[in-house]
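Worksheet for the structure shown next.
The values are calculated or read from the model by the stated rules, or taken from the named source; none is laboratory data. The model shown is predicted, which means the values in this text are computed figures rather than measured ones. Positions of Cβ are backbone-derived with ideal geometry, glycine not excepted, and every protein chain shown enters the neighbour counts.
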């Protein structure tokens, strides 16, 4: 059974976020550790957890990811294709 938070299916959100995080990182040619540094995170484990779907990134990390990739925040949460 899927969990919903504020009308959002958390499992679906996790699936979109993990795929788009990984795809964007690979397109930038960054390792998980390098991306963690760009996002101001302590280590690559956080990025690994985002990409595996184990954890959702905080809003600050999502906004920073959108800034460094030139993509919209809506892209990273599945509300836009770009």
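List of remarks:
- Conditions (1) outside any helix (DSSP H, G or I); (2) exposed (fewer than 13 other Cβ atoms within 10 Å of the Cβ): number failed by residue 60: (1)
- Qualifying position, being part of a helix (DSSP H, G or I) and modelled with pLDDT of 95 or more, among 35, 30, 13: 35
- Taken over the range 41-50, the residue count meeting the criterion of being surrounded by fewer than 15 Cβ atoms within 10 Å (Cβ to Cβ) and modelled with pLDDT under 95 is 2.
- Criterion: touching a residue at least 12 places away in the same chain (Cβ under 8 Å), touching a helix residue (DSSP H, G or I) at 6+ places or on another chain (Cβ under 8 Å) and loosely packed, with under 15 Cβ neighbours inside 10 Å - qualifying residue of 31, 82: 31
- Qualifying residues in the range 63-73 (those that are under 15 Å from residue 23 (Cα atoms) and more than 11 Å from the chain's Cα centre (by Cα)) - the one surrounded by the fewest Cβ atoms within 10 Å (Cβ to Cβ): 70
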